[in-house]
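Below is one structure, written out as structure tokens, with a few remarks after it.
Only the coordinates and a few stated rules stand behind these numbers; no lab work does. Predicted, not measured: the structure shown is a model, and the values here were computed from it. Here the Cβ is made from the backbone with ideal geometry for all residues, glycine too, and neighbour counts use every protein chain on show.
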Amino acid sequence: MPVLAVFDAEGSWRDTHVCDGWITEHLARQGVAWGREDDAPEGQRVLDRVGLFYLPTQDGYLGLLFEAGEWVALPAGKPHVFDAGEAHSFDGLPAALPLFEAFVEQVLSLTGNDADDEA
């Protein structure tokens, strides 16, 4: 299940979305496409593990959490950061933006799940 989180320019979490239609519509405004393995365009690389993308926007940042078996297509040269759990910081981005583990914990909390239950 993809998750799209909206952050302001300082990196404060503002909104969270899990609806495929909403995510698709808002990513298209950034020139970004996504989907699942069964609808991947020929030659499109599919994620083999969960990954977090950050994309700068006019008003702040989008945080995109995708699972293994999903794909993301970014326009050439589109600024972004990717974290699959290895990052210790994001150079050039607000320190308030959560790293992978904190992002996942926040999503689980927002959906009524406990990170300890997911382990």
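Before moving on, here are some points about what is shown:
- Answer label, with P(r) over Cα pairs in 5 Å bins from 0, in percent calculated from the coordinates and candidates [x] 2, 12, 24, 24, 19, 11, 6, 2, 0; [y] 2, 11, 22, 25, 22, 12, 5, 1; [z] 2, 8, 9, 10, 11, 10, 10, 9, 8, 7, 6, 5, 3, 2, 0: [y]
- Rounded to the nearest 20, the size of the Cβ-charge dipole of the chain about its Cα centre is 520 debye, with Lys and Arg at +1 and Asp and Glu at -1.
- A simple packing score, the average count of other Cβ atoms within 10 Å per residue, orders the peptides 50-63, 95-108 as 50-63, 95-108, with the highest score first.
- When you count the other C-beta atoms within 10 angstrom of each residue and take the mean per peptide, 80-88, 67-75 line up highest first as 67-75, 80-88.
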